1. Restrict the check to region 45-66 and report whether at least one residue is assigned to a helix (DSSP H, G or I), surrounded by 10 or more Cβ atoms within 10 Å (Cβ to Cβ) and without any contact (Cβ under 8 Å) to a residue 40 or more places away in the chain.
2. Here are some conditions: (1) under 14 Å from the mean Cα position of the chain (by Cα); (2) surrounded by fewer than 10 Cβ atoms within 10 Å (Cβ to Cβ); (3) among the aliphatic types (A, V, I, L, M). Met1 meets all but one. Which one does it not meet?
3. Report yes if Thr11 is of a type in the set (Ser, Thr, Tyr) and either modelled with pLDDT of 95 or more or assigned to a helix (DSSP H, G or I) (or both), otherwise no.
Amino acid sequence: MEIAVAAAVGTVCAAGARLLYAWIGSRAHVRLARLRQQGISERVRALPPGSTLSEAHHGDSIRVRVGPPTGGARG
């Protein structure tokens, strides 16, 4: 009986550790994606009108064209 309980507790602990590992990995993936997106946004804001930004990260490619300023104001 004690062996069965110990085996069950060990199985539950192993399953819990695996779920925790998967959760931490997915959180890290989301944080990296947010940081990458924030970096792209900052670089796009720094570009002059008419510029193009092209980047590729791990199979994901991004191309952003910065258009002319909106509005009728001319400097």
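1. Scanning region 45-66, I find no residue that is assigned to a helix (DSSP H, G or I), surrounded by 10 or more Cβ atoms within 10 Å (Cβ to Cβ) and without any contact (Cβ under 8 Å) to a residue 40 or more places away in the chain, so the answer is no.
2. Condition not satisfied by Met1: (1).
3. Values: of a type in the set (Ser, Thr, Tyr): yes; either modelled with pLDDT of 95 or more or assigned to a helix (DSSP H, G or I) (or both): yes.
Yes; evaluated as a whole, the condition is true for this residue.
The values are calculated or read from the model by the stated rules, or taken from the named source; none is laboratory data. For clarity, every value in this text was computed on a predicted model and none was experimentally measured. Glycine also receives a Cβ, built like all others from the backbone with ideal geometry; neighbour counts cover every protein chain displayed.
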